[in-house]
Amino acid sequence: MLNREQGYLIFLENDKFHLDGYSVFVENGKVVLEVEIPGIPKEDLSVELLPNRQLKISTPKENRRRVNHTFSIRKDVDTEAISAELKDGILRVEMPLIKDKDPQKIEVH
């Protein structure tokens, strides 16, 4: 099931969202984004995390197979631990979810 909460898409465990050339799903505590980009070597591919929690996937302008996509990153993703791998024309970006912490008890003085 896919829900929208505060402008962010929420992906529930074992559900998968597909859109022409893209897949987004949760697997083993990670949000996984798979993008089909056949024929583009990893040397021509740039994956950047922008300051506004946007993930930008692009190729140089002079590349004949131009790629320029931007995705919003969920608030509960650990942006310091994002990884990406290109294999067989599919870019797989793994974004670990931050584990829920127990509420912190605050002492009242």
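Taking the criterion of being modelled with pLDDT of 90 or more, touching a strand residue (DSSP E or B) at 6+ places or on another chain (Cβ under 9 Å) and part of a strand (DSSP E or B), would at least one residue in the range 8-23 satisfy it?
No, the range 8-23 contains no residue that is modelled with pLDDT of 90 or more, touching a strand residue (DSSP E or B) at 6+ places or on another chain (Cβ under 9 Å) and part of a strand (DSSP E or B).
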Inset, instruction - Hey, could you check the range 69-94 for residues that are among the hydrophobic types (A, V, I, L, M, F, W, C) and touching a Ser or Thr at 6+ places or on another chain (Cβ under 8 Å) and say which is modelled with the lowest pLDDT? - result: Ile73
Legend entry - Identity of the residue in the range 60-82, over 17 Å from the mean Cα position of the chain (by Cα) and not charged (D, E, K, R), that ends up nearest to Val32 (Cα to Cα): Pro60
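Per-residue answers, yes or no, for (1) surrounded by 13 or more Cβ atoms within 10 Å (Cβ to Cβ); (2) in contact with a helix residue (DSSP H, G or I) (Cβ under 9 Å, 6 or more places away or on another chain); (3) not basic (Lys, Arg):
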residue: Leu50; (1), (2), (3): no, no, yes
residue: Pro60; (1), (2), (3): no, yes, yes
residue: Ser83; (1), (2), (3): no, no, yes
residue: Lys87; (1), (2), (3): no, no, no
residue: Glu94; (1), (2), (3): yes, yes, yes
Inset, instruction - Report, ordered by the first and then the second residue, all pairs with beta carbons closer than 6 Å, sequence separation of six or more or different chains, a first member in the range 48-61 that is among the β-branched types (Val, Ile, Thr), and a second member that is assigned to a strand (DSSP E or B) and surrounded by 10 or more Cβ atoms within 10 Å (Cβ to Cβ). - result: Ile57/Val47; Ile57/His69
Inset, instruction - Find the residue count for the range 95-109, including only residues that are part of a loop (DSSP other than H, G, I, E, B) and either at pLDDT 90 or above or of a type outside the set (Asp, Glu) (or both). - result: 9
Inset, instruction - Just give me the residues in the range 34-80 being assigned to a strand (DSSP E or B), of a type in the set (Asp, Glu) and either touching a Lys or Arg at 6+ places or on another chain (Cβ under 6 Å) or within 25 Å of Ile98 (Cα to Cα) (or both), in sequence order. - result: Glu34, Glu48
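The values are calculated or read from the model by the stated rules, or taken from the named source; none is laboratory data. Remember, predicted model here, so these are calculated numbers, not experimental data. Note that we place each Cβ from the backbone using ideal geometry, even for glycine, and neighbour counts take in every protein chain shown.
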